[in-house]
1. Among the helices (runs of 4 or more DSSP H) contained in segment 82-183, which hold 3 or more residues that are loosely packed, with under 15 Cβ neighbours inside 10 Å and either of a type in the set (A, V, I, L, M) or on the phi > 0 side of the Ramachandran plot (or both)?
2. Can you tell me which residue within segment 99-115, out of those that are within 15 Å of GLN3 (Cβ to Cβ) and in contact (Cβ under 8 Å) with a residue 60 or more places away in the chain, is farthest from the chain's Cα centre (by Cα)?
3. Under 8 Å by Cβ, and 6 or more places apart or on different chains, what pairs join a residue from segment 66-79 that is on the phi > 0 side of the Ramachandran plot with one that is buried (at least 20 other Cβ atoms within 10 Å of the Cβ) and among the small types (Gly, Ala, Ser)?
4. Can LEU62 be described as within 20 Å of TYR40 (Cα to Cα), part of a strand (DSSP E or B) and open to solvent by less than 40 Å² (accessible area, probe 1.4 Å)?
5. Let me confirm something: among SER84, SER119, SER137, which residue is without any contact (Cβ under 8 Å) to a residue 24 or more places away in the chain and hydroxyl-bearing (Ser, Thr, Tyr)?
6. Please specify each residue of segment 22-58 satisfying the condition of being open to solvent by 50 Å² or more (accessible area, probe 1.4 Å), under 10 Å from LEU93 (Cβ atoms) and among the polar types (S, T, N, Q).
7. Could you please let me know if ALA166 is under 14 Å from TYR63 (Cβ atoms), of a type in the set (A, V, I, L, M) and at pLDDT below 95?
8. Name the residues in segment 75-91 that are out of contact with any Cys (no Cβ under 8 Å at 6 or more places or on another chain) and aromatic (Phe, Trp, Tyr), would you?
Amino acid sequence: MRQEPYPVSTLKSCETAVVESLPKGSYLYCQGDTSSSFYYIESGLIGLYHMVDNGKESLIRLYDSHQFFGYRTWFSPGQTYHCSARVLIPATLIKICPDSRKFMSDNPELMKRLLSDISAELANAESRLAHISYEKSIKRVHDAMTYLYETYPEYPWSYREVAEFAGCETETAIRIARELKKEGKLPAGRQ
């Protein structure tokens, strides 16, 4: 979901710091960390990854320029991040450290934006969950490839990432991509 720039410099009751030149692969926070801040993306691409008990990691959500992320945990004191945030394309971020709960009342426009973002993310997550439970793997992989390649063409998506996003195994995504390529139905942006 592409967003308009937000005037982060107008925020009250918080400290902000620009975090520049974060290289690909950098972690901003890890699953299980306690939250005391959240982020705004000036440029770059961030992936949220969830790790299950067996150590397998899955790409859950993507954030790019002009989006906020990491704030849901801040809204729920005592909770920890449910995912790890990792840089996929070198990024420049603004780290926002709210001073107190007064931050919410002092920044009503931001709160409206974040509530709107949460609603859109919840709708997207519910749609993807329903999609996984009733769509065949071939459609899920095709849809994931189409979305990822068209929305974030600057990133070289791996079959593992496509599979995670589609809710299947890497081998399944590779097999389906071969079938799609053979049929001439492979979405633009790959091989």
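1. It comes to 108-134.
2. LEU110
3. Every condition considered, the pairs that remain are GLY70/ALA85.
4. Here the answer is yes, as LEU62 does meet what is asked.
5. Only one candidate passes the filter, namely SER119.
6. Answer for segment 22-58, where residues must be open to solvent by 50 Å² or more (accessible area, probe 1.4 Å), under 10 Å from LEU93 (Cβ atoms) and among the polar types (S, T, N, Q): there is none.
7. On the way: under 14 Å from TYR63 (Cβ atoms): no; of a type in the set (A, V, I, L, M): yes; at pLDDT below 95: yes.
So ALA166 fails the test.
8. Within segment 75-91, just PHE75 meets the criteria.
The values are calculated or read from the model by the stated rules, or taken from the named source; none is laboratory data. Just so we're clear, the structure is a prediction, and the values are computed from it rather than from any experiment. Neighbour counts run over all protein chains shown; Cβ positions are idealised from the backbone, glycine included. To get the accessible areas, we keep the full protein, side chains included, count just its heavy atoms, and leave off ligands, DNA and RNA. Shrake-Rupley method; radii C 1.70, N 1.55, O 1.52, S 1.80 Å.
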